[in-house]
Amino acid sequence: MPRPKKKRKVDFPPKMLGFKPFGIRFCETEHIIMQYEEYETVKLVIYDDLSQGDAADKMEVSRPTLTRIYNSALKKIGQAFVEGKSILIKGGDFEFEKDWYKCKTCFKLIAGVENNLKCDDCSSGDTNELVNLNE
């Protein structure tokens, strides 16, 4: 019997839900699903310029596991780029360090809502306008 998969640590969710190719309508493209942990590896290794070992430590996985996740993400990005497909970021075996919410009106990311029951950046006035990204 295989061991259960360990949840990958993700600092915070991406600001967007995905990407689409310029000049092609979203509904006319096939979609590629990129999981949150794949997004996180690209962010850590390319954007934050961490070594794969440091990125693996941050995500609390082994370096070979991080490399597999990273290579999967790069393959999906390459496929979307060459074939003109949209990328949707969702799902996976991950957990955020904090509870994250996104305002439905202005899309601002908010860490926790203990004392912050509304978005300060727009006119939304109640928690019904906040989407819990941890679920």
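The values are calculated or read from the model by the stated rules, or taken from the named source; none is laboratory data. Only a predicted model underlies this, so the values are computations on that prediction, with no experimental measurement involved. No Cβ is skipped: glycine too gets one built from the backbone with ideal geometry, and neighbour counts run over all protein chains shown.
Just a few scattered comments:
- Sole exception among (1) within 16 Å of F19 (Cα to Cα); (2) outside any helix (DSSP H, G or I) for V61, by number: (1)
- Members of the range 88-113 found to be among the β-branched types (V, I, T), in a strand (DSSP E or B) and free of Cβ contacts under 8 Å to residues at least 40 places away in the same chain, listed by number: I110
- Filter result for D54 (charged (D, E, K, R) and either under 19 Å from K98 (Cβ atoms) or surrounded by 13 or more Cβ atoms within 10 Å (Cβ to Cβ) (or both)): yes
- Scanning the range 39-52 for residues that are of a type in the set (A, V, I, L, M) and either in a helix (DSSP H, G or I) or outside the structural domain of I87 (by TED's automatic domain parsing) (or both) returns V42, L44, V45, I46.
- Hey, K75 closer than 28 Å to C122 by Cα and not acidic (D, E) or not: no
- Complete set of residues in the range 1-38 that are closer than 19 Å to E83 by Cβ, outside any loop (DSSP other than H, G, I, E, B) and free of Cβ contacts under 8 Å to residues at least 60 places away in the same chain: C27, E28, H31, I32, I33, M34, E38
- Among (1) outside any helix (DSSP H, G or I); (2) in contact (Cβ under 8 Å) with a residue 40 or more places away in the chain; (3) not charged (D, E, K, R) - the single one Q79 does not satisfy: (1)
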